[in-house]
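Undergrad: Submitted below is the structure of interest, expressed as C-alpha cells.
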Amino acid sequence: MRPALLKMSGRRRLTRPRVHARALTPIANPGNRRGIPPRPAGARHGEVLGARLTGEQGSAILRSMIIADGLAVIDPDTIVATGSSVEVILLRELP
C-alpha cells in the first residue's frame, strides 16, 4: 500500500532505505519469522551504525516498535554474534 501511495504522490524513492549496522549485542531470531525490531544506536563510527534490541519482543509489546529506528533483516533460527554485520531497514531518518 505504501509504495503505491508514494508513487501516486510523485515520489521517486518507493522503498525504505537499507543500511548495514554492527550488532552491539547478540541478536537471536528464533522461529520462522524474518525480522526483529532492533534499534540502530545513534552512535556512529564514520558511517557504521550499531544495532541492538529495543527490549521485549512479544506480540503485545508496542513500546519496542515505537522506539525502534529500524528493522533487522535476519534469517529464521539465526543468532547474530556481537560485532557481526546485519542489514537494517530504516524506519526514520537518523541524526
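The values are calculated or read from the model by the stated rules, or taken from the named source; none is laboratory data. Computed from a prediction, not measured in an experiment: that's the story for all the values here. Every residue, glycine as well, gets a Cβ built from its backbone with ideal geometry; the counts of neighbours run over all protein chains shown.
Undergrad: Would a scan of segment 22-36 turn up a residue that is of a type in the set (G, A, S), at pLDDT below 85, surrounded by 15 or more Cβ atoms within 10 Å (Cβ to Cβ) and not in a strand (DSSP E or B)?
TA: No: segment 22-36 contains no residue that is of a type in the set (G, A, S), at pLDDT below 85, surrounded by 15 or more Cβ atoms within 10 Å (Cβ to Cβ) and not in a strand (DSSP E or B).
Undergrad: Return the pair list, or none, for Cβ contacts closer than 6 Å from residues in segment 12-27 that are free of Cβ contacts under 8 Å to residues at least 60 places away in the same chain and on the phi < 0 side of the Ramachandran plot to residues that are assigned to a strand (DSSP E or B) and of a type in the set (D, E, K, R), at least 6 apart or on different chains.
TA: Partner pairs satisfying both residue conditions: L24/R52; T25/R52.
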